[in-house]
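The values are calculated or read from the model by the stated rules, or taken from the named source; none is laboratory data. Model, not experiment: these values are computed from the prediction. Please note: Cβ atoms are built from the backbone with ideal geometry, for glycine as well, and neighbour counts cover all protein chains shown. We work out accessible area using only protein heavy atoms, side chains counted, and drop any ligands, DNA or RNA first. Shrake-Rupley method; radii C 1.70, N 1.55, O 1.52, S 1.80 Å.
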Amino acid sequence: MSASTNTTSVVTRFAPSPTGFLHIGGARTALFNWLFARHHGGKFLLRIEDTDKARSTTEAIDAILDGMRWLGLDWDGHEYYQSQFWARHAEVAHQLLERGHAYRCWMSQEELAAQREKAQSERRPFRIDSPWRDSGKEGDGAFVIRLKAPREGETVIEDKVQGRVVVQNSELDDFILLRSDGSPTYMLAVVVDDHDMGVTHVIRGDDHLNNAFRQLAIIKGMEWPEPVYAHVPLIHGADGAKLSKRHGALGVDSYRDELGYLPEAVSNYLLRLGWGHGDDEIISREQAIEWFDLDHVGKSPSRFDFKKLENLNGHYIREADDRRLADMVAAQLGPSADLELLVRAMPELKARATTVHQLADGAKFLFAQRPLDVDEAASALLGDEARKLLASAHQALSGVGEWNHDAVEAAIRAVADGAGVKLGKLAQPLRAALIGRTTSPGIFDVLVLLGQGEALARIADQMVEPNE
Ligand code: GLU
């Protein structure tokens, strides 16, 4: 890791702990950091905080990297792994010792427990009061290195989102920097790494606001430049409660695989979740980079709204390239799906879908095997009258020379006119026969997409033979 060289340009980072998937809140934090860096022509770094070896997994790391790539959040340079910098973390802990901002503490678990109990019985908040803080003596055996937190005065953070936040230093505790086995705590590691990576702006969830005050104590002890902080309110469920799985607190992979959303929709949705640009709802990547700032990040928690996300997804599906969507649908439908047919069907399919799953579902009729499974609602449309109409349609369509939209439309209209019924009276049983359902793209498009042979065969499966 190289020390920061250019202190004037913006450097942000996303620092996930790889103990689970890239959940939707983390993805938003990553997005905000990415946008802020790109807006300022700065750097966006990725640091995997894998210090908790027992809980960090390679699956989680892969899922995080995969989720970020899917969302188009490219990071500058290689990803950093916090566990690689343990020696450096320890070095800084020892520098703090030398500077008098930290001390070795030999307090036993029993002594700590006794202090905690005493505080409880006196109904006051527990703050460790180590006899080693100012003793200048050496103890025996294993020790931890603790921060000698300031006790006088106050610490102020001019947070870009929360505004001015003040904490009395008497509230800070002498937290551990280096454990007795020499491993660094999160509090130390994050500060050292941010400094060494030249991070200028720390944008993260406001569950870390309390940590910021403690981290600042280390930064001040080292006389390092303070980063700009922006603590973004967490995402809540639609009912205002903390986000749970039921509300959408899923890994971003679920948004792709289980829910069938496009990355640009998820990204646009996450952007609007906590940040605004007037009344704009549809915001392209380019606009987001141009407009993103910390001043318009909301101060109150935003509520996750699946309906909005789905609407946005519908919009992006309609905008998306047909071949790209056809590829996604083909991947879902398997080898039986003809990619070129899907590409041709896509303009019709995407007008009726809000998720990739709905697209795939809508496309199934193209590859269905005869005789079709006709669902209950569609069966109800196939009465005797309707089956006779189908026979007339079959005859008319058999005579169509060049199989295209106009030709099939003319043939079908002529049948309806001849029978003295409205077009719908014929279109409904046709749809039932061709698709096995009551909903589908326009009936003429369905006929064209299926091709003359397949369309006639499906109609024949349901019609009453003219001579019956
Ligand atoms: N690794 C921490 C987390 O995943 C984030 C640390 C930070 O952003 O400062 O919650």
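Can you pull out the residues in the range 282-311 that are assigned to a loop (DSSP other than H, G, I, E, B), within 19 Å of His236 (Cα to Cα) and touching a strand residue (DSSP E or B) at 6+ places or on another chain (Cβ under 8 Å)?
His296, Gly298, Lys299, Pro301, Phe304
Which helices (runs of 4 or more DSSP H) sit wholly inside the range 1-119 and have at least 2 residues that are modelled with pLDDT under 95?
Filter on the range 1-119 gives 24-39, 58-70.
When you check Val166 against the structure, is it under 34 Å from the mean Cα position of the chain (by Cα) and either buried (at least 17 other Cβ atoms within 10 Å of the Cβ) or within 16 Å of the ligand (Cβ to nearest atom) (or both), yes or no?
The answer is no for Val166.
So Asp193 clears everything in (1) over 28 Å from the mean Cα position of the chain (by Cα); (2) closer than 27 Å to Pro233 by Cβ; (3) open to solvent by less than 20 Å² (accessible area, probe 1.4 Å) except one condition, right? Which one?
Among (1) over 28 Å from the mean Cα position of the chain (by Cα); (2) closer than 27 Å to Pro233 by Cβ; (3) open to solvent by less than 20 Å² (accessible area, probe 1.4 Å), the lone unmet condition for Asp193 is (1).
Could you pull out the residue among Thr12, Thr19, Thr51 that is surrounded by fewer than 16 Cβ atoms within 10 Å (Cβ to Cβ) and under 30 Å from Leu294 (Cα atoms)?
The conditions single out Thr19.
Looking only at the range 332-357, count how many residues are in a helix (DSSP H, G or I) and open to solvent by 80 Å² or more (accessible area, probe 1.4 Å).
Going through the range 332-357 one residue at a time, the tally reaches 3.
So Asn210 fits all but one of (1) touching a Lys or Arg at 6+ places or on another chain (Cβ under 6 Å); (2) within 16 Å of the ligand (Cβ to nearest atom); (3) open to solvent by 50 Å² or more (accessible area, probe 1.4 Å); what number is the exception?
Failing condition for Asn210: (1).
Here are some conditions: (1) assigned to a helix (DSSP H, G or I); (2) open to solvent by less than 60 Å² (accessible area, probe 1.4 Å). Leu382 meets all but one. Which one does it not meet?
Evaluating Leu382 over (1) assigned to a helix (DSSP H, G or I); (2) open to solvent by less than 60 Å² (accessible area, probe 1.4 Å) leaves (1) as the failure.
Report yes if some residue within the range 244-255 is hydroxyl-bearing (Ser, Thr, Tyr), open to solvent by 10 Å² or more (accessible area, probe 1.4 Å) and within 16 Å of the ligand (Cβ to nearest atom); otherwise report no.
No.
Can you find a residue in the range 363-379 that is modelled with pLDDT of 95 or more, open to solvent by less than 20 Å² (accessible area, probe 1.4 Å) and among the aromatic types (Phe, Trp, Tyr)?
Within the range 363-379 (the criterion being modelled with pLDDT of 95 or more, open to solvent by less than 20 Å² (accessible area, probe 1.4 Å) and among the aromatic types (Phe, Trp, Tyr)), the answer is yes, since at least one residue qualifies.
Of everything in the range 183-204, what is of a type in the set (A, V, I, L, M, F, W, C), over 13 Å from Arg47 (Cα atoms) and more than 9 Å from the ligand (Cβ to nearest atom)? Give them in sequence order.
Passing the criteria: Met187, Leu188.
Search the range 119-138 for residues being small (Gly, Ala, Ser) and out of contact with any strand residue (DSSP E or B) (no Cβ under 7 Å at 6 or more places or on another chain), and hand back the single one that is nearest to Leu97 (Cα to Cα).
Gly136
When Asp279 is evaluated against the numbered criteria (1) in a helix (DSSP H, G or I); (2) surrounded by fewer than 13 Cβ atoms within 10 Å (Cβ to Cβ); (3) not β-branched (Val, Ile, Thr), which criterion, by number, is the only one it fails?
Of the numbered conditions (1) in a helix (DSSP H, G or I); (2) surrounded by fewer than 13 Cβ atoms within 10 Å (Cβ to Cβ); (3) not β-branched (Val, Ile, Thr), the odd one out for Asp279 is (1).
Give the range 282-311 a look and list any residue that's surrounded by fewer than 16 Cβ atoms within 10 Å (Cβ to Cβ) and hydroxyl-bearing (Ser, Thr, Tyr), or say none.
Result: Ser284, Ser300.
Criterion first (at pLDDT 95 or above and either of a type in the set (Val, Ile, Thr) or under 30 Å from Val464 (Cα atoms) (or both)) does Leu382 satisfy it?
yes
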